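See below for the structure under consideration.
The values are calculated or read from the model by the stated rules, or taken from the named source; none is laboratory data. What you see is a predicted model, and the numbers here were worked out from it, not measured in a lab. Reconstructed Cβ throughout: ideal geometry from the backbone, glycine too, with neighbour counts over all protein chains shown.
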Amino acid sequence: MKRGELYRVYKPGGDPKHYRTFVIVSRQVLIESKFSTVICAPVFTSGEGLSTQVPVGVDEGLKHSSWIMCDNLVSLRKADLTQLVGSFPKSRFVELERALKMALDIP
């Protein structure tokens with residue numbers, strides 16, 4: 001399990017969809033620790049191009065163009081992250097980190 005990987009999760013807490021894709025945004029040290037959860041950002045099929053949203057799509061393993069929503073961070077159990085979909089490329093991590101900083105109001 002690595003930062004930037006996208007997982008399809010069955011019935012994530014309170015989500016109206018049967019499945020939702022999430023990207024892991026926790027730091028790698030936490031992911032590799034004994035801690036049972038990681039912080040993730042959900043992926044939605046529609047977005048508005050806000051500074052807290054990052055486009056993803058077929059190149060990352062998805063079926064169609066979508067958006068990572070950094071304003072909707074959630075903590076998910078590592079045990080629920082079993083269906084690997086793809087990976088967000090390290091070459092684009094700057095975009096994801098910028099959106100996370102904007103969402104969390106970090107300079």
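Within region 1-29, if we keep just the residues that are β-branched (Val, Ile, Thr) and farther than 19 Å from His64 by Cβ, the residue that is surrounded by the most Cβ atoms within 10 Å (Cβ to Cβ) turns out to be Ile24. A Cβ distance below 7 Å, combined with a sequence gap of six or more or placement on separate chains, defines the contacts here; from region 82-104, residues that are part of a helix (DSSP H, G or I) reach residues that are of a type in the set (D, E, K, R) in the pairs Ala103/Asp71. Residues that are under 11 Å from the mean Cα position of the chain (by Cα) and either surrounded by 17 or more Cβ atoms within 10 Å (Cβ to Cβ) or assigned to a loop (DSSP other than H, G, I, E, B) (or both): does region 30-37 have at least one? No, because not a single residue in region 30-37 is under 11 Å from the mean Cα position of the chain (by Cα) and either surrounded by 17 or more Cβ atoms within 10 Å (Cβ to Cβ) or assigned to a loop (DSSP other than H, G, I, E, B) (or both).
Pairing each residue of region 40-68 that is touching a residue at least 40 places away in the same chain (Cβ under 8 Å) and closer than 19 Å to Phe93 by Cβ with any residue that is polar (S, T, N, Q) and surrounded by 22 or more Cβ atoms within 10 Å (Cβ to Cβ), provided the two are 6+ apart or on different chains, yields C-beta distances under 6 Å for Val56/Ser66. When restricted to residues that are assigned to a loop (DSSP other than H, G, I, E, B), at pLDDT 95 or above and not polar (S, T, N, Q), region 1-26 contains 5.
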